[in-house]
Amino acid sequence: MNDDEYDDLDTAVEVVLLRADDDRAVRATPVRGMTSIDLTATELTASTVQELTDSATVLSAPDGVPSDVVRALRAAPVPPLFASSPWLCHHRALILRDGRCPVAGHVLNYGPEFGVYVDGDL
């Protein structure tokens, strides 16, 4: 899947779910991994790619999340670390703090049982 597939529909975005490791959101750990990564770096190891792809998902509207969430995430830049990988070059980072992330006036939550869901508006 790539961005071109959704250009006309604008209904989905590929994201990697990460837990924030610092206040600047530069370092984060994949939700299905153990390795703290620097999102501004440009080189990936095979094990880091595996953790990142294991933590990837597709958010789609309107069934999964509101359309404005998808548009906001699609407008966000691809982190340099992801851009260097053919597996991740279209993914955006969804950085969670305590399992939550505000996006476009909504609060996205993540739980291993339910995945990503909208819990309310800001």
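The values are calculated or read from the model by the stated rules, or taken from the named source; none is laboratory data. Quantities reported herein were computed from a predicted structural model and do not represent experimental measurements. A quick note on method: Cβ atoms are made from the backbone with ideal geometry, for glycine too, and the neighbour counts reach across all protein chains shown. Protein only, heavy atoms only, side chains kept; ligands, DNA and RNA dropped before computing areas. Shrake-Rupley method; radii C 1.70, N 1.55, O 1.52, S 1.80 Å.
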Accessible solvent surface per residue of the chain, calculated while the other protein chains remain in place, 1.4 angstrom probe, Å²: 55
Amide hydrogen neighbours beyond the local backbone of R92, cut-off 5 Å, H modeled: E14, V15, V16
Lys, Arg +1 and Asp, Glu -1 on Cβ, resulting dipole of the range 12-122 about Cα centre, debye, nearest 20: 180
Net charge over other residues, Cβ less than 13 angstrom from the Cβ of T48 (K, R count +1; D, E count -1): -2
Protein accessible area in the chain, 1.4 Å probe - carbon and sulfur %: 50
q = 0.21, 0.22 Å⁻¹: log10 I(q)/I(0) that the Debye formula gives for the chain, counting C-alpha atoms only: -1.26, -1.37
Amide N proximity, the range 37-67 versus W87 label position 7 Å along Cα-to-Cβ, cut-off under 18 Å: 37-58
Surrounding net charge for G33, when Lys and Arg each add one and Asp and Glu each subtract one, Cβ distance under 15 Å: -1
